[in-house]
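Q: Got a structure for you, written out below as structure tokens; questions coming shortly.
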Amino acid sequence: MGKGLLMLVTATLIGGTIAWSQINRTNLETTDRQSERQEEILAREIARSGLSMTVGLMREDERTHPDSTTTMQLRVDRVNGPDGMVTAEYKGGRYEATAERVSLNAFAVESHGYYGDAHAVVRLGYDSPASGVVPKEVLEVKEPSTLHVQFIKSIAGYCSAIFLQRYVPIDAENGTSYQALDPEMLFVAGHNRDGEGMEYKSIELQPGERLNFILGVNQSCSLKPTEWFDGQVKSDDDRFNYLHNALEEGVEELDAMREGKYALIERSEYNSNQYRIAFEDQNHFRDEQFADIKKNGYGNENNWRNGTYGGTGWNVDPSTSPHNYRRLHDFGNQPDFSDQVITVTMIPTATS
């Protein structure tokens, strides 16, 4: 009995030691995981701080350099500085953030946060070609104005209509909240009207309003006016195959308007109240193809290789002087943004 008891006590002690060792190891592993998790949280917080700082610097550049001839690339270069990035120590870690031009008039930001062994990345404006952030003043009404919209190019096989959607500020103090009004038709569905019937619509606008333009694509041309039908319909008419927005509402915490995937927005270098909006009316291209053309311009239309058509930049169209809009070409095998093109001019009421 004594020997058996001794063996039982020994076994109990060994078992207890093993159990304690396992508990201790589990506790240590849990502590390590918690520590790693905390570092990851801090790294992400630091990355978001870098993102906020860089977006803030872009907005500050808009305020201090409002000249319409300031290109998006110039703004990006100024913000990134000589080192090509925005860096700072923050909460025991550091961030490295970079702004990038992703379209003629839109930017994106990528920010890396580091804390201990943890590394986090947050991005704004990269999730699709519809996410590049445009300057706050793009298509924003600065003073009581009359809106003139004119069709200058329409060469597509599909018929398309143009709608205006106004965003009216409901928080006058900071202007960050808007109420979206119902879209109103500006141009009935039509096509192949390049250089013909260059009508315009005049609409009274108030300061603080943000303007959006919507292309309603009617592939069958069933909405084209006839002797018995004036073509007036609402944007939600199910005879439209799809709608393409010039601007998309932001959905992230850093709320801002994005350039729509199917639109290319340019501001006149001559008149800061005029914009050209060029729409692509086809939707079968991939996101990366839209993104490549927006950033790099046209390349070889039959040479989509390694994620690019090989474009080396957008060329100014001399025929648009003094506005100096980019030259648009007509392609079949790449997004060309030349299908339906309008100019938008906000003329101050005092001078209209």
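Q: Give me the number: length gained by fully extending Glu184 to Thr146, i.e. 0.36 nm times residue separation minus the C-alpha to C-alpha distance, one decimal in nm. Could the numbers behind the result be given before it?
A: On the way: separation 38, 0.36 × 38 = 13.68 nm, distance 1.57 nm.
Gain on stretching Glu184 to Thr146: 12.1 nm.
Q: How about segment 250-352: which trypsin sites (Lys or Arg not before Pro) there lie in a loop by DSSP and see at most 15 other Cβ atoms within 10 Å?
A: Values: sites: Arg258, Lys261, Arg267, Arg276, Arg286, Lys294, Lys295, Arg305, Arg326, Arg327; in loops: Lys261, Arg286, Arg327.
The qualifying sites are Arg286, Arg327.
Q: Taking amide H positions as placed in the peptide plane 1.01 Å from N, state which residues far from Ser268 in sequence (5 or more) or on other chains have amide H under 5 Å from it.
A: Long-range HN contacts for Ser268: Gln274, Tyr275, Arg276.
Q: Answer rounded, prolate or oblate for segment 179-223, using the Cα gyration tensor with square roots of eigenvalues a ≥ b ≥ c: rounded when a/c is under 1.5, else prolate when a/b is larger than b/c, else oblate.
A: Oblate, because a/c is 1.5 or more while a/b does not exceed b/c.
Q: Hey, another quick one. Among all the lysines, which ones have a C-alpha under 27 Å from Lys234's C-alpha, if same-chain residues fewer than 8 places away are not counted?
A: Output for Lys234: Lys153, Lys201, Lys224, Lys261.
Q: Please report the Cα spread of segment 78-157 along all three principal axes, rounded to whole Å, starting with the longest.
A: Result for segment 78-157: principal-axis Cα extents of 56, 37, 21 Å.
Q: Provide the gained length on full extension for the span Ile155 to Gln232, in nm with one decimal, where the gain is 0.36 nm per separating residue minus the Cα-Cα distance.
A: 25.6 nm
Q: What are the residues whose amide H is under 5 Å from the amide H of Phe187, where those residues sit 5 or more places off or on another chain and H is modelled from the backbone?
A: Answer set, sorted by chain and number: Ile162.
Q: Which whole-angstrom value gives the distance between the alpha carbon centres of segment 301-330 and segment 87-136?
A: First find each Cα centre; the distance between them is then 27 Å.
Q: Which loop GluC sites (Glu not before Pro) in segment 108-211, with loop taken from DSSP, have no more than 12 other Cβ atoms within 10 angstrom of their Cβ?
A: Glu173, Glu196, Glu199
Q: Using a Förster distance of 30 Å, how high is the FRET efficiency between Asp330 and Arg94, based on the Cβ-Cβ distance and rounded to 0.05?
A: Step by step, r from the Cβ atoms, then E = 0.05.
Q: Another question, then. Once R0 is set to 25 Å, what does the formula 1/(1 + (r/R0)^6) return for the Cβ-Cβ distance between Ala350 and Tyr270, expressed as a FRET efficiency to the nearest 0.05?
A: After rounding to 0.05, the efficiency reads 0.80.
Q: Would you please name the chymotrypsin sites (Phe, Trp or Tyr not before Pro) within segment 257-311 that are DSSP coil residues with at most 14 other C-beta atoms within 10 Å of their C-beta? Show your work: numbers first, answer last.
A: Details: sites: Tyr262, Tyr270, Tyr275, Phe279, Phe285, Phe290, Tyr298, Trp304, Tyr309; in loops: Tyr262, Tyr270, Phe285, Tyr298, Trp304, Tyr309.
Counting only loop positions with at most 14 other Cβ atoms within 10 Å, the chymotrypsin sites (Phe, Trp or Tyr not before Pro) in segment 257-311 are Tyr270.
Q: If you take the square roots of the eigenvalues of the alpha-carbon gyration tensor of segment 145-351 and sort them as a ≥ b ≥ c, do you get rounded (a/c under 1.5), prolate (a/b over b/c) or oblate?
A: Rounded, because the longest to shortest axis ratio a/c is under 1.5.
Laboratory data are not the source of any read-out in this text; all were calculated from the coordinates shown. No experiment lies behind these values; they were computed from the predicted model shown. Ideal geometry is used to build each Cβ from the backbone, glycine not excepted, and the neighbour counts take in all protein chains shown.
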